[in-house]
Amino acid sequence: MSLRSFVIAFLCLALGWAGSVNSATAQPIAKPAKADKMVRVTYPVGDLLVQTANPEQQARADILVRVIIETVAPNSWKEAGGTGAVQFFPFGTTLVVYQRTEVQTEIAALLAELRLHAFGERLPMPREGGAEEQAIPEPKKRSDVKQRAIEQRMRQPINFQLKEMPLTRAMEDLAEIAGVPIVLDLKAIKDARISLDAPITFKASDIDMKTALNLMLRDFDLAFVIENEALLITTKSGGSLFRKTYDVADLINVMTRFDGKAKAESLKDFIQDNVAQKSWESMGGNGTVQYFPKEKILIVNQGGEVHEEIELLLATIRKMYDPYVEIDSRVVLISAKTAKHFRKTLAQQGKSVDVIDGGKSSALVCIDDAQLLELLKLAQTDRVAQVMQAPKTSFLNGQTLKVGVPESISDGMQFEYKPVVSPDRRSVRVAMTFAQWTTADSVRRSTRAAKSFNLPDGRTLAWDFGETTDRHHMFLFVTSRVRVQEEGERVFLGESPPIPR
């Protein structure tokens, strides 16, 4: 057995996966052309960490991080004196890795191989991208529509030509061509002794506006930043810092929902650990970051390039929370005669379900919406049928929630779910516990169960519990759907929203 196969076998055992190890089944992944470039890549790993209803997530993450550091380019990590870094972000069950592109390819191949052995499926590799390679994803929430529109315009191609044109006039013409308000930071420019009448000659032909501006302003030691609903042209130097406000209320709210505690300090530390580490006060630099809890904002004093990195990092974190899951559950109690028809329909039309902690089971199959509707209509013809619907609930990716009534109530049911969306968003891995009880003549009868299963997006789990103590036959139906906030926002705003005037 090769060293790689041994590592995968050890990891599968440590994380409690089933499946055989055969590294020959993994297909090689082509290496990118620029192998020496440092990029930041986020890897969703929730599906590798969440396997049971009560997973030891942090311990599993530590194992995964250690195996990556010790088996993929071991000498390139900080721990060995290199520049590479990997950090586990628990709120989105994601690894954030800063490494060379060739090392990122090896990590992606290792994770793909682990998924192949653990689940028998090959999932697509995540996108690569650092500040220079990956366009900033649309944030999940953004109160300032104008700022969002300007950010999108900066990523769109532009064509213009300037010939021996003064700086002030050039910016006025560019603002009219691009449809973006552009403002000169006159004080900073004058303090830097840069002439406002300095001539500019430049031609942009079908390149994105951000690249064009960077190239055009480079010779003047100027930079730009989106501020106060406009594009601010200001100075760019090693000691030139400016303040920028980041609204992080959406991130603090979702992070707080995971364990009931505010995570502002964790977010601050995460930014300082992953963006220009040596530029912060704690490392001897001049950059600062302050959090204001009442407004839920971060005020950062940094240089222009660092602000771009922070924007990218916050957008990446928002991307972790972008997919959410809607779960709809029903408990159906029917007579033996109707149950016979249910089982016949499920045997003929149902498809097997990947049950993580119990293998395949004929009692659990998945069906589509039309088949579910057919069964519910059949239940309506049964005089003794009871259909109990749990509230439809939305879950953050990886969030655990309980739905139902307290067990102090004489009759009721209770669900606990922890759904994790697969990286390709085609399925949901659900760790679920279920309890249903009734009380008659001071005697309580209950049914309890726990399962972890992989359910394709939009399909319904049909779970046959058989005959209950009151001679009813019970079936549980659980439907999961993956929703993406970003897609909804794009529909609302349009793919290319105009710049508001």
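Per-structure values
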read-out	value
Residues of the stretch 444-469 satisfying the condition of being more than 25 Å from the chain's Cα centre (by Cα) and open to solvent by less than 10 Å² (accessible area, probe 1.4 Å)	Ala462
Number of the exception - Trp280 against (1) open to solvent by 50 Å² or more (accessible area, probe 1.4 Å); (2) out of contact with any Pro (no Cβ under 8 Å at 6 or more places or on another chain)	(1)
The stretch 397-413, residues that are open to solvent by less than 40 Å² (accessible area, probe 1.4 Å) and closer than 18 Å to Ser452 by Cβ	Asn397, Gly398, Gln399, Val403
Residue in the stretch 429-443 that is among the basic types (Lys, Arg) and surrounded by 15 or more Cβ atoms within 10 Å (Cβ to Cβ) present	yes
When residues of the stretch 428-441 are limited to those that are modelled with pLDDT under 90 and not in a loop (DSSP other than H, G, I, E, B), the one nearest to the chain's Cα centre (by Cα)	Gln436
Strands (runs of 3 or more DSSP E) wholly inside the stretch 307-417 that include at least 3 residues being under 28 Å from the mean Cα position of the chain (by Cα) and at pLDDT below 90	323-334, 393-396, 401-404
Residue check for Lys203: touching a strand residue (DSSP E or B) at 6+ places or on another chain (Cβ under 6 Å), over 25 Å from Glu309 (Cβ atoms), surrounded by fewer than 17 Cβ atoms within 10 Å (Cβ to Cβ) and not polar (S, T, N, Q)	yes
Criterion violated by Leu186 - all others in (1) over 33 Å from the mean Cα position of the chain (by Cα); (2) farther than 30 Å from Glu295 by Cβ satisfied	(2)
Selected residue (criterion: nearest to Thr168 (Cα to Cα)) from residues of the stretch 208-229 that are in contact with a Pro (Cβ under 8 Å, 6 or more places away or on another chain) and open to solvent by 10 Å² or more (accessible area, probe 1.4 Å)	Glu229
Failed item in (1) modelled with pLDDT of 80 or more; (2) over 25 Å from the mean Cα position of the chain (by Cα), with Leu241 passing the rest	(1)
Residue check for Ala385: over 25 Å from Arg483 (Cα atoms), open to solvent by less than 50 Å² (accessible area, probe 1.4 Å) and in contact with a helix residue (DSSP H, G or I) (Cβ under 8 Å, 6 or more places away or on another chain)	yes
Single condition Glu305 does not satisfy, out of (1) without any contact (Cβ under 8 Å) to a residue 40 or more places away in the chain; (2) open to solvent by 60 Å² or more (accessible area, probe 1.4 Å)	(1)
Those residues of the stretch 221-234 which are modelled with pLDDT of 80 or more and in contact with a helix residue (DSSP H, G or I) (Cβ under 7 Å, 6 or more places away or on another chain), in sequence order	Phe224, Leu231, Ile233, Thr234
Top-ranked residue of the stretch 361-412 - restricted to ones that are in contact with a strand residue (DSSP E or B) (Cβ under 9 Å, 6 or more places away or on another chain) and hydroxyl-bearing (Ser, Thr, Tyr), ranked as nearest to Pro323 (Cα to Cα)	Ser394
Residues that are of a type in the set (S, T, N, Q), out of contact with any Leu (no Cβ under 8 Å at 6 or more places or on another chain) and over 15 Å from Thr94 (Cβ atoms), drawn from the stretch 394-432	Ser394, Thr400, Ser408, Ser410, Gln414
Boolean, Val405 is β-branched (Val, Ile, Thr), without any contact (Cβ under 8 Å) to a residue 12 or more places away in the chain and out of contact with any helix residue (DSSP H, G or I) (no Cβ under 6 Å at 6 or more places or on another chain)	yes
Residue match in the stretch 456-464 (condition: of a type in the set (Val, Ile, Thr) and assigned to a strand (DSSP E or B))	yes
Cβ pairs under 6 Å, 6+ apart, first in the stretch 93-115 and within 17 Å of Thr316 (Cβ to Cβ) and assigned to a strand (DSSP E or B), second open to solvent by 10 Å² or more (accessible area, probe 1.4 Å) and of a type in the set (D, E, K, R)	Tyr98/Arg40
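The values are calculated or read from the model by the stated rules, or taken from the named source; none is laboratory data. Model, not experiment: these values are computed from the prediction. Ideal geometry is used to build each Cβ from the backbone, glycine not excepted, and the neighbour counts take in all protein chains shown. When the accessible area is computed, the model is the full protein with side chains, heavy atoms only, and any ligands, DNA or RNA have been set aside. Shrake-Rupley method; radii C 1.70, N 1.55, O 1.52, S 1.80 Å.
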